[in-house]
Amino acid sequence: MSNVKQKPVIRMIDVKKRFGDNEVLKGIDLDVYQSEVVCIIGGSGSGKSTMLRCIDFLETYEGGEITVEGKMIGYGSDNAGNLKPLPKHQVQKDLRNVGMVFQQFNLWPHKSVLENVMAPLMLVAGFSRAEAKEKALAALTKVDMAHKADVFPGTLSGGQQQRVAIARALAKEPRILLFDEPTSALDPELVGEVLKVMRQLAEEGMTMVIVTHEMGFAAQVSDKVIFLADGRIEEQGPPSELFANPTSPRLKAFLATWSERNGTL
Amino acid sequence: MDLTLFVTYGPQLLKGVMFTLYVCGGALVIGLLLGMLLCIIGRSGNRALYVFYRLYITLFRGTPLLVQIYLVFYGGPFVGLEFSEIQVGIGGLGLYTAAYFAEIFRSGFQSIPKGQIEAATDLGFSRSQTFFHVSLPQMFAGVLPTLVNQTILLVKESAILSVITVPEMTTAATRMSTETFSVIEPYLFLGFTYWLITFTLSRAARRVETRLTAYIAAR
Amino acid sequence: MFDLGVVWEYRGALLNGLWMTFWISGISIFFGFIIGALICQARRAENPVIRGLATVYISALRGTPILIQLAIIFFFLPLAGINIPSILAAIIALSLNSSAFQAEILRGGFQMLPKGQLEAAWDFGFSRWQSLIHVELPQVARNTLPALVNDAIDIIKNSSLISTIAVTELMRVAQQYSSTTYRPIEFFIAAGLLYLVLTTAVSQAGQYLERRLSYR
Ligand SMILES: Nc1ncnc2c1ncn2[C@@H]1O[C@H](COP(=O)(O)OP(=O)(O)OP(=O)(O)O)[C@@H](O)[C@H]1O
Ligand SMILES: [Mg+2]
């Protein structure tokens with residue numbers, strides 16, 4: 001699906017990020033093209049979440065640059081050509097085509113399922129109530145959750161909540177979706193229903209960046225797998241190569257540990 | 001502001017502060033003892049005693065302290081007992097605080113893991129041994145910060161006793177105000193002194209709390 | 001000896017007092033909430049000066065007796081050339097006092113909110129204001145409701161102290177008639193019961209609201 005001649009929709013160039021003394025990203029380079037599915041794997045604390053959150057500017061980054069659809073995220077040049085932080089609303093505007101799905105769903109518990117999906121449509125996109133409702137129901141139907149439109153998220157199972165969260169992200173018709181371990185908070189038997197929705201989105205051509213521990217899913221769905229270790233991209237490539245013939249010792253060790261726990265891919 | 005006023009009235013104000021501490025101390029003792037008694041009554045399992053407990057709590061927590069103070073103040077003579085203002089003050093404040101303490105104790109007992117009591121019984125502790133050696137210390141450790149906070153409220157509420165002219169610090173400062181026609185000095189003195197007492201107590205509460213969390217985390 | 005019949009004669013005056021207690025407390029709780037919400041935001045502000053001022057405000061009002069606060073407002077404002085009726089002084093004192101307590105309660109509520117809720121709001125392009133109104137406040141209000149109701153009850157009980165600056169609310173009425181009729185016990189019991197009715201009603205209403213607002 002990837003097309004190298006196209007311009008990347010997400011481009012990270014030498015991105016660096018530190019928390020105090022802890023250098024978490026030590027220079028990340030990544031291109032994600034239209035309709036590509038990129039999975040990020042790696043050990044705990046390797047910086048996967050941080051990398052994803054930098055794209056959505058939930059974390060600031062202090063070195064390198066991230067561009068989404070050609071626009072640099074978070075910073076702009078002033079007249080003298082120096083980079084300076086952009087105002088928040090500008091960043092939000094530049095990220096309008098990016099949606100994020102969180103490990104903990106982060107649905108708003110005081111709003112019904114329908115209201116959760118409608119709120120951004122009405123408050124940010126400026127749709128009327130009727131339009132928002134129509135779009136929201138369409139998005140919920142897509143993840144097979146329309147029948148729960150009127151209940152509060154707290155009454156749903158984890159898998160159902162995550163599907164609602166995906167619907168909420170889909171309703172704003174994003175061109176890029178970011179997922180941070182979308183199935184890690186779920187009971188094993190609920191993982192499948194969420195992965196099914198994500199697989200469907202991939203088939204429809206959604207550009208997706210997914211942090212995941214589901215190697216089987218990554219192998220089947222992704223165009224490119226990134227293995228992150230210690231804040232660097234240790235190895236990357238199409239899943240067929242990366243999983244079959246890992247070259248770096250750390251990736252080999254990582255995959256070996258994974259197979260030990262979960263069986264072979 | 002005329003600071004020389006404090007030279008003249010210093011001794012009286014200081015005496016007032018001592019009386020505030022004295023009254024609060026007395027009320028604290030009554031509150032703790034009566035509160036514990038009430039709590040035991042409430043948890044005894046006897047239906048009638050429990051109704052009495054709830055009634056006490058509801059009445060003393062649902063009405064203003066001022067009303068209660070007046071009732072103690074006029075109630076004594078009404079049933080033929082003579083109390084001094086100070087006795088009324090300590091008693092009234094104590095009865096009131098006991099209701100809050102009792103509820104605090106109750107929640108403290110409730111949060112002790114059941115297994116601990118069972119373990120004590122298994123080890124052959126008698127009921128009173130279990131109570132004094134297991135339940136009581138645990139309960140106190142759990143509720144100490146809340147107890148201190150309630151004591152802070154007690155100190156602030158004690159200002160109300162000036163209404164029945166208990167010679168505590170608010171009364172002393174009010175007298176200074178009427179005698180000298182000054183307002184700023186006595187009331188700033190009051191504000192600052194009460195704040196100092198409550199601030200000190202709340203700092204102490206925080207220290208106790210960090211100690212306790214360390215102890216609980218260490219377990 | 002004990003004769004509640006005397007009280008019955010003056011029931012009109014007592015009920016008027018109760019009404020006064022009710023609306024003064026209500027207004028004070030309302031303004032206390034508005035001011036408290038603002039103070040809470042100031043307490044959470046990034047600017048250290050604003051945060052410091054809010055901390056001092058909260059500490060001063062929570063650390064001193066409301067009786068003293070009442071006297072300070074009642075006596076100090078005229079010194080500054082501001083003459084206001086005692087009812088207004090009472091409302092100001094009760095509101096300010098309540099605002100400090102409500103600010104701390106609300107702050108606790110904000111601290112309890114999972115950070116991810118706000119990250120989701122950011123991701124969907126909510127402005128800070130929208131995120132406050134549509135995501136944070138409704139949840140904070142719901143989570144802090146029991147504590148806020150307790151504060152409301154405290155304000156009702158503390159409103160009895162405004163009798164000391166001659167506002168004719170329930171307590172003042174009871175004092176007046178207990179001295180004219182020499183029946184203090186009866187009048188203070190009656191006043192106590194009326195306060196009890198009010199505080200119980202508020203606590204019941206709070207529990208009802210809590211059930212209604214539960215999103216489970
Ligand atoms: N807000 C923060 N403040 C300080 N340090 C942080 C913060 N967030 C993450 N870190 C640190 O950054 C490093 C990378 O964290 P990150 O969450 O990106 O790891 P991860 O690869 O997503 O791990 P996991 O698989 O456990 O989710 C860790 O050492 C973590 O402790
Ligand atoms: Mg992570």
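The numbers here are math on the coordinates, done by the rules we state, and not lab data. For clarity, every value in this text was computed on a predicted model and none was experimentally measured. Because the Cβ atoms are built from the backbone with ideal geometry, glycine has one as well, and the counts that use them run over all protein chains shown.
Could you tell me which residue out of A:Ser259, A:Leu123, A:Gly158 lies farthest along the dipole of chain A toward its positive end? Charges go on the beta carbon: Lys and Arg +1, Asp and Glu -1, centred on the Cα centre.
About the Cα centre, the residue reaching furthest to the positive side is A:Leu123.
For the stretch C:4-215, go through all pairs of different Cα atoms, get the mean of 1/r, take its inverse, and jot down that Kirkwood value in Å.
Working: mean 1/r = 0.0527 Å⁻¹.
For the stretch C:4-215, the Kirkwood estimate is 19.0 Å.
Given the -39500 (n - 2.57) contribution per DSSP H run of 4+ residues, what per-residue ellipticity at 222 nm results for chain C, rounded to the nearest 500 deg cm²/dmol?
Helix contribution divided over all residues of chain C: -26500 deg cm²/dmol.
For an R0 of 45 angstrom, estimate the FRET efficiency from the Cβ-Cβ distance between A:Asn82 and C:Leu38 and round to the nearest 0.05.
0.75
Compute the distance in nm between two label points, each set 7 Å from the Cα along the Cα-to-Cβ direction, one at A:Lys252 and one at C:Leu137.
Once both label points are built, they end up 6.1 nm from each other.
Most exposed first by the Cβ proxy, i.e. fewest other Cβ within 10 Å, how do C:Lys157, C:Lys115, A:Lys252 rank?
C:Lys115, A:Lys252, C:Lys157
Return the long-range amide H neighbours of A:Glu235 (sequence gap of 5 or more, or a different chain), with a cut-off of under 5 Å between placed amide H atoms.
Distant-sequence amide H within range of A:Glu235: A:Phe227.
What number, in percent, do you get for the relative contact order of the stretch B:9-211 if the mean sequence gap of Cα pairs under 8 Å and at least 6 apart is divided by its residue count?
Once divided by the residue count of the stretch B:9-211, the mean separation gives 29 percent.
Between B:Val7 and A:Asp29, what is the label-to-label distance in nm when each label sits 7 Å out along the Cα-to-Cβ direction?
A separation of 8.2 nm, rounded to one decimal place.
Where the only charges are on Cβ atoms (+1 Lys, Arg; -1 Asp, Glu), what is the dipole of the protein assembly as shown about its Cα centre, to the nearest 20 debye?
360
Straight-line reach from A:Lys135: which lysines have Cα under 22 Å away, leaving out those fewer than 8 places along the same chain?
A:Lys93, A:Lys111, A:Lys148, A:Lys172, A:Lys196
For chain A, what does the helix formula give at 222 nm: sum of -39500 (n - 2.57) over DSSP H segments with n ≥ 4, over the residue count, nearest 500 deg cm²/dmol?
That calculation yields -11000 deg cm²/dmol at 222 nm.
Counting each DSSP H run of 4 or more residues in chain B as -39500 (n - 2.57), what helix-only mean residue ellipticity at 222 nm follows after dividing by all residues, to the nearest 500 deg cm²/dmol?
Taken over chain B, the calculation gives -28000 deg cm²/dmol.
Quantify how strongly other chains surround peptide C:52-65 by giving the mean number of their Cβ atoms within 10 Å of each of its Cβ atoms. Intermediate results must be reported in sequence, preceding the final value.
Working: counts 0, 0, 0, 0, 0, 0, 0, 4, 4, 2, 7, 14, 12, 14.
Per-residue shielding by partner chains comes out at 4.
Under the Karplus relation 6.51 cos²θ - 1.76 cosθ + 1.60, θ = phi - 60°, what is the ordered set of whole-Hz ³J(HN,Hα) values for the stretch A:67-77, x standing for Gly and Pro?
Using θ = phi - 60°, the values come out as 10, 10, 6, x, 9, 6, 8, x, 9, x, 8 Hz.
Tell me the relative contact order for chain A as a rounded percent, counting alpha carbon contacts under 8 Å between residues six or more apart.
Relative contact order, chain A: 24 percent.
Would you kindly derive the ³J(HN,Hα) couplings of the stretch A:249-260 from the backbone phi angles with the Karplus curve 6.51 cos²θ - 1.76 cosθ + 1.60 (θ = phi - 60°), listing them in order in whole Hz, with x for Gly and Pro?
Those phi angles translate into x, 5, 5, 4, 5, 4, 5, 5, 4, 5, 5, 4 Hz.
Along the stretch A:50-58, what does the Karplus equation 6.51 cos²θ - 1.76 cosθ + 1.60 (θ = phi - 60°) give for ³J(HN,Hα), rounded to whole Hz, x for Gly and Pro?
4, 4, 5, 5, 5, 4, 8, 6, 6
Relative to the longest principal axis of chain C, what angle (0 to 90°, nearest 10) does the C-alpha long axis of helix C:66-79 take?
So the helix axis and the longest Cα principal axis differ by about 90 degrees.
Using only the Cα atoms of chain A, what semi-axes does the equivalent ellipsoid have when each is the square root of 5 times a gyration tensor eigenvalue? Give whole Å, largest first.
Rounded to whole Å, the semi-axes are 29, 25, 16.
As a quick test, which of the pairs A:Lys48/A:Lys71; A:Lys71/A:Lys252; B:Lys15/B:Lys156 have an alpha carbon distance above 25 angstrom in this structure?
A:Lys71/A:Lys252
What relative contact order, as a whole-number percentage, does chain C give when Cα pairs under 8 Å and 6 or more residues apart are counted?
30
Around A:Ile210, which amide H atoms from residues at least 5 apart in sequence, or from another chain, sit under 5 Å from its own amide H, with H modelled in the peptide plane?
So A:Ile210 has HN proximity to A:Val38, A:Cys39, A:Ile40, A:Phe179.
For A:Gln160, what charge total do you get from the other residues with a beta carbon under 12 Å from its beta carbon, if Lys and Arg give +1 and Asp and Glu give -1?
Within the 12 Å Cβ shell, the charges total -1.
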